[in-house]
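The next block holds one structure in the form of structure tokens; read it before the comments.
Values in this text are rule-based calculations from the coordinates and carry no lab data. A quick note: this is a predicted structure, and the numbers were derived from the prediction, not measured. Every residue, glycine as well, gets a Cβ built from its backbone with ideal geometry; the counts of neighbours run over all protein chains shown.
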């Protein structure tokens, strides 16, 4: 028999619901790694994803983005969820330089904090332009390297960046706050202020 | 020469609509490459994606899959679109072996036809099991290597594979028909029987 004492609908988005998912389903590993493979990064909880997409659409409704710009692979599902609600296309930057990608691309170097490597991220020039208002999106925000790479690509295309959104920000790494100080609107659905094997402390948000 | 008389709503899915998108928006490049970067593989037409998701859900409605198993990166958006309609999770196999992936994974070697390389694709064991009925999904089907890799992972987990679905099948490469001859239900939203720089010939489907 099931007794459900959850005070929120499991699938409904709230900052609290996301924080509880991170605590209950995530794992903190040595090397400052937070694994949320069971609802974002390998298994995707599509019911919860839909709610996150609605929340992102709500947050950036007044910015009227024309496209969402993200980065493969883990950004794609979240970008699609948000773009569904906003009825706009997604463009995702590719990592590396596969042989079947045209040389007519914008590119930026991005250092991965968790993987300790550098990727060349690319977007074909045809997909971004000066008439675009871009919402840049990623799953995680730590040092801000990925967002800065996407913003660099946006600037190369002369598109406007209306803001940035991520699901989980490691606030203590400062990448998000640095971008905010530079005047960019950065929203993260959950912001972690402290994290170790013993627990996770979230930044209070409205 | 192609004569395209559009009699469908641009965003509604029909085999014809997809075939026309492939002809009008895709590019055939030397090396047997079909680029559909402008609506699937880099820019994602989310309105059309939603219709493809509905069609996949319709095709596999009676199979009652519990999860969709796909492969990063281009499979993710399509898998999410289909999983949205079916209210089931997506699991995506990762390529390579990044340092923050657990060793407790199922894996399979997959040779990429377009990139001429071999990837080790992996799924954490926690996400698949004997109670799962999996719909395996990919964007392209050519030699069938990717689907076979996903099916191998499914079998390692003792999950049942209820079928396979792809958006674009290069029928002339035989990978799909080989799998069908082995008894697997394989659905492709469009099947190409001939393709070169002068044009694309599709296999008639009901």
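So the values come out like this:
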| read-out | value |
| --- | --- |
| Relative frequency of Cα-Cα separations exceeding 25 Å in chain B, percent | 35 |
| Cβ-vector label at 7 Å, residue A:33, separations to other copies in nm | 3.2 |
| C-alpha long axis of helix A:46-59 to longest principal axis of chain A, angle in ° | 60 |
| Whole-number percent relative contact order across segment A:15-202, with pairs defined as alpha carbons under 8 Å at least 6 apart | 18 |
| Degrees separating the helix A:145-156 axis from the principal Cα axis of chain A, which is the longest one | 30 |
| Euclidean distance of C-alpha centroids, segment B:15-88 and segment B:125-186, integer Å | 15 |
| Within the protein assembly as shown, percent of DSSP bridges classed antiparallel, to nearest 5 | 50 |
| Choice from B:173, B:160, B:42 showing the highest fluctuation, given a GNM over chain B with Cα pairs closer than 10 Å | B:42 |
| Residue exposure sequence - A:86, A:195 - by fewest surrounding Cβ within 10 Å | A:195, A:86 |
| Helix B:15-25 vs. chain B, principal-axis angle (Cα, 0 to 90°, nearest 10) | 80 |
| Estimated [θ] at 222 nm from DSSP helical runs (n ≥ 4, -39500 (n - 2.57)) normalised by residues in the protein assembly as shown, nearest 500 | -8500 deg cm²/dmol |
| Average partner coverage of B:85-94, which counts Cβ from other chains inside 10 Å | 4 |
| Label spacing, shortest first and in nm, from residue B:129 to its equivalents in the remaining copies (7 angstrom along Cα→Cβ) | 5.1 |
| Most mobile of B:136, B:162, B:47 in a GNM of chain B (Cα contacts under 10 Å) | B:47 |
| Antiparallel DSSP beta bridges within segment A:15-202, percent to nearest 5 | 45 |
| Ascending count of other beta-carbon atoms within 10 Å, so fewest first, for B:32, B:45 | B:32, B:45 |
| Paramagnetic reach from residue A:182 (point 7 Å along Cα→Cβ, amide N under 18 Å) across segment A:38-72 | A:69-71 |
| For residue B:114, label point 7 Å along C-beta direction: distances to other copies, nm | 2.6 |
| Candidates A:149, A:26, A:75, ranked by Gaussian network fluctuation over chain A, Cα under 10 Å, top entry | A:26 |
